[in-house]
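The next block holds one structure in the form of structure tokens; read it before the comments.
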Amino acid sequence: MSEFKRESMEYDVVIVGAGPSGLSAAIRIKQLVPELEVCVLEKGSEVGAHILSGAVLDTVGLDKLLPDWRKLGAPVTVPVTNDKFYILGEAGQIRVPNWFMPPLMSNHGNFIVSMSNLCRWLAERAEDLEVDVFPGMSCSSIVYARNGSVSGVVAGEFGLRPDGTQGPNYEPGVEVLGKYVFLAEGARGSLSKKIIANFNLDKDADVPKFGLGLKEIWKIDSNKFRPGSVVHTAGWPLGKNAGGGSFIYHMDDNEVCVGFVVHLNYKNPHLYPYMEFQRFKHHPLVHDLLKGGKRVAYGARCITEGGWQSIPKPIFPGGVLLGCAAGLVNVPRIKGNHNAILSGIAAADAVCGAIASGRSGDELVEYWDELRSGEIGKDLKRVRNVKPIWSKYGLTASMVLGGFDMWVASLAGFNPFGTLKHGKSDSECTEPADRHLAIEYPRPDGVISFDRLTNLSYSGTNHEENQPVHLHLQDPTLPIAVNLPRYAEPAQRYCPAGVYEVIGDSKDGSQKFQINSQNCVHCKTCDIKDPSMNIEWRTPQGGDGPNYPNM
């Protein structure tokens, strides 16, 4: 690659990611100190294009950031009207009474929202305050100062050929520099992963844990539509094969979002999360709701599930980790957006104080202190044992023992089980294929359930083909030499977009591992679940990936 000098842009604060945490930080900074220069860099083609979340929103963060959000016309208009939780069997269900659930699990006062639409609205509020918001700007690398602190990112590099050389329309991108850099990339962010490793931020944290969330939006018969209705389920079809569950939220305009979460610490490499989701929709509770309706959108995204004990040190010289980049999801509540917004507010408060006192490029200790002692810490500490109990002992134990732990934490302010450990990482949990039976999945009927590639067309996913493959194999031989004979190459199944295939014939030795990178919905499952930890998700050029309308 020929030598070149990138142009640079300088700001007071550079924010990577236009999700709820990054946009909230930008808004808060400009509320406090309007003269500070702030930019937000977003890899999606537009703000919201890569945002996928349930979502039932606890408005505690939004209330703090923009107390008059109702008057300002925020797309937060569907209050929760009823809240039900079921344990499913193959042909029926048992409802768990609401009184059995700890008060923190109640959705009373919350709202069903599209987070992609809310982020679009937050971006408008940020621009009203003269924040520079740049969509279509992937951040490919980190800029370090001479003293080793983070001083910026490289954004907007375009035109590399598949072999990594510069094409005829190559654009080197720019160095976007700041006194501080906020990483708000979401779960398993590519730059966040590098920063955590470079500064050893996770040395005192438990292993990170993740779930894969799959989601469809359906337009259903108006006679079945109940705006504000919230349903969560656990049990069938996963059973003992994996932890996880579902959500069904009635939004507005006869649209219902149907989601399915599979914890990625499952052991059986034959498990096929996408097909578990499709099978789930044939349960009578779901099938009867969707019958006669039309699926209008599909997507997938990984969710941080480690909770309190897995949060890495979220500060480093020159910046911070925000929201899901730091792992701030409350797992039993299936909520992280409120903590994402609160983290953006806390980081903004810290950075404004730091810059006012003449600081730059150091650690924002005030932010870490607030995370530990403030609303986010209180929210996460009291639920910290539900996930490890579920992982070790299953659904029933998590409801009984985890519920007891949450009840005591809510009423008495302490967790009787202390802080339990997660154990292995999700990739290490994968066991050899010969220890498990293969799972036979019903063929999708094309009405309620769909094949993976057909559903992918409803995600708006697109990648420029003439660029380096952003799914990098550390060792190209491992998929066929190790993962296929030992684990039946689970990438063929854990990917919700059909990115990975084994093609060719084992008899004549022609098998090879094919990567269909154009299909990628940026969920990051492969970077997490590959049993050999051989796949590294790298950022493709800006604007590529899914284009979610209202996820």
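For Ser457 and Lys291 in one chain, what is 0.36 nm times their gap in residues minus the Cα-Cα distance, to one decimal in nm?
Length gained between Ser457 and Lys291: 57.7 nm.
Work out how much length Lys421 to Thr165 would gain on full extension: take 0.36 nm times their residue separation and subtract the Cα-Cα distance, in nm to one decimal.
Here the answer is 87.7 nm.
In the chain, which helices (entire DSSP H runs) extend 20 Å or more along their own long axis, judged by Cα positions, while averaging at least -0.5 on the Kyte-Doolittle scale?
337-356
If you put +1 on each Lys and Arg Cβ and -1 on each Asp and Glu Cβ, how big is the dipole of the chain around its Cα centre, in Debye rounded to 20?
It works out to roughly 1760 debye.
Using 1/(1 + (r/R0)^6) with R0 = 30 angstrom and r between the beta carbons of Lys378 and Glu130, what's the FRET efficiency to the nearest 0.05?
0.35
Compare the peptides 534-547, 306-319 by average per-residue count of other Cβ atoms within 10 angstrom and give them in order, highest first.
Going from most to least packed, we get 306-319, 534-547.
For the pairs Lys335/Lys529; Lys194/Lys421; Lys291/Lys381, note any where the Cα-Cα span goes beyond 32 Å.
Listed pairs above 32 Å: Lys291/Lys381.
Taking 45 Å as R0, compute the FRET efficiency from the Cβ-Cβ separation of Asp63 and Asp508 and round it to 0.05.
0.10
So if each residue of separation counts as 0.36 nm, and I subtract the Cα-Cα distance between Val365 and Arg538, what length gain in nm does that give?
Result for the pair: 59.3 nm of gain on full extension.
If you average the alpha carbon positions of the range 366-383 and of the range 195-213, how far apart do those two centres end up, in angstrom?
Using only Cα atoms to place each centre, the spacing works out to 17 Å.
Sort 160-166, 337-343 by the packing proxy (mean of other Cβ within 10 Å over each peptide's residues), most packed first. List each step's numbers first, then the result.
Working: 160-166: 12.1, 337-343: 29.7.
Top to bottom by mean Cβ count within 10 Å: 337-343, 160-166.
Along Cα→Cβ, 7 Å out, is where each label goes; now give me the distance between the ones at Val469 and Val33 in nm to one decimal.
Spacing of the two 7 Å Cα→Cβ label points: 4.6 nm.
Could you size up the charge dipole of the range 449-551 around its Cα centre, putting +1 on the beta carbon of Lys and Arg and -1 on that of Asp and Glu, and report it in debye to the nearest 20? Please report the intermediate quantities before stating the final value.
Working: 8 positive and 12 negative charges, 55 e Å.
Computed about the Cα centre, the dipole is about 260 debye.
Is any residue of the range 236-267 close enough, with backbone N under 17 Å, to a label point placed 7 angstrom from the Cα of Glu90 along the Cα-Cβ axis, and if so, which?
Counting backbone N atoms under 17 Å from the label point, the list is 236-242.
Order of 522-530, 450-458, 485-493 by packing, highest average Cβ count within 10 Å first?
With the highest mean Cβ count within 10 Å placed first, the list reads 522-530, 485-493, 450-458.
Take the solvent-accessible surface of the protein heavy atoms, probe 1.4 Å, and return the percent of it on the chain that carbon and sulfur atoms account for.
Of all accessible area on the chain, carbon and sulfur atoms account for 51 percent.
Can you give the helix-only mean residue ellipticity at 222 nm for the chain, where every DSSP H stretch with n ≥ 4 adds -39500 (n - 2.57) and the sum goes over all residues, rounded to the nearest 500 deg cm²/dmol?
Theoretical 222 nm ellipticity from helices: -6500 deg cm²/dmol.
Separation between the Ile448 and Leu72 pseudo-spin-labels, each 7 Å from Cα along Cα→Cβ, expressed in nm?
4.3
Using only the alpha carbons, work out the radius of gyration and Dmax of the chain in angstrom.
According to the Cα coordinates of the chain, Rg and Dmax are 22.6, 69 Å.
Tell me the relative contact order for the range 420-551 as a rounded percent, counting alpha carbon contacts under 8 Å between residues six or more apart. Could you put the intermediate results ahead of the total?
Details: 162 pairs, mean separation 44.4, N = 132.
In percent, rounded to a whole number, it is 34.
Within the range 423-451, what residues put their amide N at less than 17 Å from the label point 7 Å along the Cα-to-Cβ vector of Ala397?
Under 17 Å, as judged by backbone N against the label point of Ala397, lie 423-425, 429 of the range 423-451.
The values are calculated or read from the model by the stated rules, or taken from the named source; none is laboratory data. As the structure is a computational prediction, the values presented were derived from the model and not from experiment. With ideal geometry, Cβ positions are generated from the backbone for all residues, glycine too; neighbour counts draw on all protein chains shown. What goes into the accessible areas is simple: the full protein's heavy atoms, side chains included, and nothing from ligands, DNA or RNA. Shrake-Rupley method; radii C 1.70, N 1.55, O 1.52, S 1.80 Å.
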